[in-house]
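The values are calculated or read from the model by the stated rules, or taken from the named source; none is laboratory data. It should be emphasised that the depicted structure is a prediction, and the values quoted were computed from it without experimental measurement. Cβ placement follows ideal geometry from the backbone for every residue including glycine, while neighbour counts extend to all protein chains displayed.
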């Protein structure tokens, strides 16, 4: 499956795809791999332009992207689809995502696990999901919680200090 590394204001990102859709997005610092391609189809080039715009402060809604949800378990796909509804500048809790998919708050930890395995961070905005008390909890992307806070601040989300 093709993979393309591209520069952004925050560092190098990467996209992987096949004919059924996007299979992976890597936040900075995505490094080159031997089989990387140097050109992409127009739909991927357009997505790269949108990622650059978003990281440059012109926020994008990526809910129209063709993600290949068949690459993740069904529960994770439900969580990720619900997370796509959380727009720039806002946050939701793990419990709110659980309720959006018809589960009770007891599913909050499972939601967190699904988001921790998100193959499309930023595009499916798992960084916008916080603990019930507003605390910043884990972020599986490079830089961990620091990156999560940086993305939320970039998007203008209201953040509270302890």
Long-range neighbours under 7 Å by Cβ, at least six apart or interchain, first residue closer than 17 Å to residue 116 by Cα and assigned by TED's automatic domain parsing to the domain that holds residue 116 within segment 63-74, second modelled with pLDDT under 95 and crowded, with 18+ Cβ neighbours inside 10 Å: none
From (1) part of a loop (DSSP other than H, G, I, E, B); (2) within 27 Å of residue 17 (Cβ to Cβ); (3) in contact with a helix residue (DSSP H, G or I) (Cβ under 8 Å, 6 or more places away or on another chain), pick out the condition that doesn't hold for residue 136. (2)
So residue 146 ticks every box in (1) modelled with pLDDT of 95 or more; (2) assigned to a helix (DSSP H, G or I) but one. Which box is left unticked? (1)
Expected single match for without any contact (Cβ under 8 Å) to a residue 24 or more places away in the chain, surrounded by 17 or more Cβ atoms within 10 Å (Cβ to Cβ), in contact with a strand residue (DSSP E or B) (Cβ under 9 Å, 6 or more places away or on another chain) and over 15 Å from residue 5 (Cα atoms) among 84, 115, 100, 55 is 100
How about segment 8-51: which of its residues are in contact with a strand residue (DSSP E or B) (Cβ under 6 Å, 6 or more places away or on another chain) and assigned to a loop (DSSP other than H, G, I, E, B)? 27, 28, 29, 30, 32, 36, 37, 40
